[in-house]
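Read through the structure below, which is laid out as structure tokens, and then see the notes.
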Amino acid sequence: MNVNETISVIQIRNVLLVTMPADPDDSTIAALQERTLEAMNNRDVQGLVLDLSKVEILDSYFARTVAETAQMVGLMGGTTIIAGMRPAVAITATELGVTLGRTRTVMTVERALELAGQRQVNGKQQR
Amino acid sequence: MTIQDQGEVRIETEADIAVARRAVRDLAAKIGFGITETARIVTAVSELGRNVHKYAGGGVMQWHALKNGGNAGLELRFEDQGPGIADINEAMREGYSTGGGLGMGLPGAKRLMDHLDIQSTVGKGTTVTVRKWRRQ
């Protein structure tokens, strides 16, 4: 497995940051779903930031897996923010006809972490 | 129209879809396609390669680098000996799928490329040919 195919999963406070590689094969994309949901369950995290800034291609299978994962995270009580989609990927995915459901998207990982962090602060204040 | 270079990638496993994408990404770079055009071409490869794997259990992608006067481009031919497509018009319709997919493979690939052609015989197999020319 080369560097183009590995997912990175790290925890930043109580947000899970999952970074997808440039050109993941199908088994790597399937692993995205499993590893993310397991990490959501095992660690003390409330939100998921999915970093797509390295991704060079988003085909229908990849897009469906991302949308499904966000939905599953939602069922578990977490929120998902997708960050950093490249212009060429956004253009191509739209022309192909894929969508990411109603998942929130932002331009940068920094912004996504900021938003995910804010939600938690708000959540704590409400309690 | 002349063929400048050619090769093929066998698509047998899911991992071969990624191998096909990489081969075409390299080809597109050699021909001089830009980032967005390359993303379109590679995405079409992914959709069509997945069709070959999913519906026919495998097949081959042949690639050709093309020249037509001063224009450069590429042609990709996805060939399988699978069940074939009974109704090509139906298969090209948006949202139509028999394999539990999203049904955007063929019409989606057509939008991403300049040209798409399907030859299919039920019980014998399917050949999908796509072409893209570099914008000057």
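Derivation of every value follows stated rules applied to the coordinates shown; laboratory data play no part. Keep in mind the model is a prediction, meaning the values are calculated, not measured. Cβ coordinates were reconstructed from backbone atoms using ideal geometry, including for glycine residues, and neighbour counts include every protein chain displayed.
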So who's got an amide H within less than 5 Å of the one on B:Ile11, skipping anything under 5 residues away but keeping other chains? H placed 1.01 Å off N, in plane. B:Gly59, B:Val60, B:Met61
Using +1 at the C-beta of Lys and Arg and -1 at the C-beta of Asp and Glu, which of B:Ala28, A:Gly117, A:Tyr61 has the Cα lying farthest in the positive direction of the dipole of the protein assembly as shown? A:Gly117
For chain B, which DSSP H helices look membrane-span-like by this rule: Cα extent along the axis of 15 Å or more and mean Kyte-Doolittle of at least -0.5? B:14-31, B:35-56
Under 10 Å, Cα contacts only: if you run a Gaussian network model on chain A, which one of A:Arg86, A:Arg35, A:Arg102 comes out with the highest mean-square fluctuation? A:Arg102
In percent, how large is the relative contact order of chain B, given Cα pairs closer than 8 Å and 6 or more residues apart? 26
Rank these for me by crowding, A:Thr94, B:Thr2, B:Thr43, B:Thr129, going from fewest to most other beta carbons within 10 Å. B:Thr2, A:Thr94, B:Thr129, B:Thr43
Give the lysines reachable from B:Lys30 as a straight Cα distance under 17 Å; neighbours fewer than 8 places away on the same chain don't count. B:Lys67, B:Lys132
Rank B:Ala39, B:Ala109, B:Ala86 by mean-square fluctuation in a GNM of chain B with C-alpha springs under 10 angstrom and give only the top-ranked residue. B:Ala86
In degrees from 0 to 90, rounded to the nearest 10, what is the angle of the helix A:87-96 Cα long axis to the longest principal axis of chain A? 70
What list of ³J(HN,Hα) values in whole Hz, one per residue of region B:7-12 in order, does the Karplus curve 6.51 cos²θ - 1.76 cosθ + 1.60 (θ = phi - 60°) give from phi, with Gly and Pro shown as x? x, 8, 10, 7, 10, 10
Treating the beta-carbon of each Lys and Arg as +1 and of each Asp and Glu as -1, no other charges, what is the dipole magnitude of region A:3-126 about its Cα centre, to the nearest 20 debye? 640
Once phi is turned into ³J(HN,Hα) by the Karplus curve 6.51 cos²θ - 1.76 cosθ + 1.60 with θ = phi - 60°, what whole-Hz value does each residue of region B:79-89 show in order, with x for glycine and proline? 10, 9, 10, x, x, x, 10, 5, 10, 5, 4
Per-residue ellipticity at 222 nm for chain B, helices alone: DSSP H runs ≥ 4 residues times -39500 (n - 2.57), over residue total, nearest 500 deg cm²/dmol? -12000 deg cm²/dmol
Mean-square fluctuation maximum in Gaussian network of chain B, Cα pairs under 10 Å, restricted to B:Ala15, B:Ala28, B:Ala91, hits B:Ala15
